[in-house]
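**Q** Starting off with a structure, shown below.
The values are calculated or read from the model by the stated rules, or taken from the named source; none is laboratory data. Every value quoted in this text rests on a predicted model; they were computed, and no experiment measured them. Every residue, glycine as well, gets a Cβ built from its backbone with ideal geometry; the counts of neighbours run over all protein chains shown. Just so you know, the surface numbers come from the protein's heavy atoms only, side chains and all, with ligands and any DNA or RNA stripped out. Shrake-Rupley method; radii C 1.70, N 1.55, O 1.52, S 1.80 Å.
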Amino acid sequence: MLKKNEVIELEITDITNEGNGVGRYNDIAVFVPMTAVGDVIKCQIVKIKNTYCYGIIKEILIPSKHRIQSDCPVYKQCGGCSFRHISYEEECRIKENFVKNSFQRIGKLNPKFEPIFPCDTQYNYRNKAQYPVSEVDGKAVCGFYARRSHRIVEYTDCLLQPEIFSEILSVIMKFVNERNITAYNETTFSGLLRHIYLRRGEHSGEIMVCLVVTNIVKANIFTELIPILISEFKDIKSVVLNENPKNTNVILGSKLKTLYGSDTITDIMCGNRIGLSPLSFYQVNTCQAEKLYSIAEAYADLRKTNVLLDLYCGAGTIGLSMCRKVNKLVGVEIIPEAIINAKCNAKVNLLDKKSEFICGDAGEIAGILYKRGERPDVIIADPARKGCDRESLEYMAKMSPNRIVMISCNHATAARDCAILEELGYKTVKVRAVDLFPRTTHVECVVLMSRINK
């Protein structure tokens, strides 16, 4: 058995879904972060389990051909990126394998695997960022959480975010410290400012500033920040307070108060004007999401006579991007604010006469739709990371659509759900990985399923 702090020589032969390299030493798997396939390293063992160990790099003896120099000064501390030390081509190969392995090993499925759709850029692609705020040495600071902790790495020039976000943060934090506004303390549950949440329309350029606070009434001091912000940043169209007094890791609460401008900002997605509130789900990489939706539309193979059911529809972006191609669109989403946004988005884009948006749990609403006789020709499902529940999948199958197109941010739960749908009479035809989140371990996938007995 290996011992803690023992140093061994190890060759990295694979990468896990969490982004750790893995090698074997005397048939024991050793997981090492920030390594690449082909690295030969001196590895220090830091944690020992019954059948595997964790290690850290002590020295790189032979670097992998895929290894590159990281271009971020806080990469080793920050928990945001996992692949800044390898080439983007290798990252795409890894992510393609993530998706393929999940469908083959978890789902026991073997569809056609189409090549991964890479991202055009690995920089400044995010339209949203949430920065935790804390007190360090008597000063309020913001940045990103360190790996596997809630310790804040004070750094705002993230290479994944728009450069203007860093400039806005600088102004906000200067105001916070000049006014002695307290940062939230997770140990004592005290302090006012918890997070700074910024959102920007990729195509419109409109910016929303959302300050997550423990008490909206006490946060009225931020009204003094508004003239400072809007004088320096003309694209800021909304400043909103979000109240979250709970002791929780969930960033946003449900209560909102608009201090300046509109309750929402507007962006363009697939040619449609989309209104976004702080609580709206919206893909963080707009340009790549448009390509993701175009792949989903191609898989859906829509006709003018079709009824399209969009489950987990969020603000309606997916369904509305395809609405002109069908006779009727029905969208379902459990978050009330998102449904309000979806209805507004449909109206603004003159699609409200051929679309219906319903607020509720996907499984329950799917059941209601089935009982009222809805028989969609195509179902689009874009669930959260936990995937679909059994009830939703069963009603999807009962409705007997010709095709089900699943968009998933979690290939493991997508594989599980597709395996269940195969039990219910569908065939997994093809799968394509799409990289929306370069330099992280996350990867989306699009799946086409066809009904077997038509």
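**Q** If I ask for residues that are open to solvent by less than 20 Å² (accessible area, probe 1.4 Å) and either assigned to a helix (DSSP H, G or I) or farther than 16 Å from Tyr125 by Cα (or both), which ones from the stretch 146-165 would you list?
**A** The answer is Ala146, Val153, Phe165.
**Q** Go through the residues of the stretch 100-118 one by one and say whether even a single one is within 17 Å of Arg439 (Cα to Cα), in a loop (DSSP other than H, G, I, E, B) and either modelled with pLDDT of 95 or more or of a type in the set (Gly, Ala, Ser) (or both).
**A** Within the stretch 100-118 (the criterion being within 17 Å of Arg439 (Cα to Cα), in a loop (DSSP other than H, G, I, E, B) and either modelled with pLDDT of 95 or more or of a type in the set (Gly, Ala, Ser) (or both)), the answer is yes, since at least one residue qualifies.
**Q** Further question on the same structure: Name every residue in the stretch 327-342 that is surrounded by 19 or more Cβ atoms within 10 Å (Cβ to Cβ), under 22 Å from Glu374 (Cβ atoms) and either touching a Ser or Thr at 6+ places or on another chain (Cβ under 6 Å) or basic (Lys, Arg) (or both), in order of residue number.
**A** Listed by number, the residues that qualify are Leu329, Ala338.
**Q** Then there's this: So which strands (runs of 3 or more DSSP E) are wholly in the stretch 214-275 and hold at least 2 residues that are buried (at least 16 other Cβ atoms within 10 Å of the Cβ) and without any contact (Cβ under 8 Å) to a residue 40 or more places away in the chain?
**A** By residue number, 236-243, 255-261.
**Q** For the stretch 15-57, enumerate the residues that are exposed (fewer than 14 other Cβ atoms within 10 Å of the Cβ) and either within 20 Å of Gln69 (Cα to Cα) or of a type in the set (S, T, N, Q) (or both).
**A** Across the stretch 15-57, the qualifying residues are Asn26, Asn50, Thr51.
**Q** Further question on the same structure: Has the stretch 366-388 got at least one residue that is free of Cβ contacts under 8 Å to residues at least 40 places away in the same chain, closer than 16 Å to Met449 by Cβ, in a helix (DSSP H, G or I) and among the aromatic types (Phe, Trp, Tyr)?
**A** no
**Q** Which one is nearest to Glu422 (Cα to Cα), of the residues in the stretch 91-119 that are of a type in the set (D, E, K, R) and open to solvent by less than 10 Å² (accessible area, probe 1.4 Å)?
**A** Lys95
**Q** In addition: Mind checking whether some residue in the stretch 432-453 is modelled with pLDDT of 95 or more, of a type in the set (Lys, Arg), open to solvent by 40 Å² or more (accessible area, probe 1.4 Å) and under 30 Å from Gln161 (Cα atoms)?
**A** Yes: one or more hits.
**Q** Please indicate, with yes or no, whether at least one residue in the stretch 390-399 is under 20 Å from Gln104 (Cβ atoms) and either open to solvent by 50 Å² or more (accessible area, probe 1.4 Å) or assigned to a loop (DSSP other than H, G, I, E, B) (or both).
**A** Within the stretch 390-399, none of the residues are under 20 Å from Gln104 (Cβ atoms) and either open to solvent by 50 Å² or more (accessible area, probe 1.4 Å) or assigned to a loop (DSSP other than H, G, I, E, B) (or both).
**Q** Can you go through Lys255, Lys237 and tell me which one is modelled with pLDDT under 95, over 18 Å from the mean Cα position of the chain (by Cα) and of a type outside the set (S, T, N, Q)?
**A** Lys255
**Q** Take the residues in the stretch 166-191 that are farther than 19 Å from Ile251 by Cβ, part of a helix (DSSP H, G or I) and without any contact (Cβ under 8 Å) to a residue 40 or more places away in the chain; name whichever of them is least open to solvent (accessible area, probe 1.4 Å).
**A** Ser166
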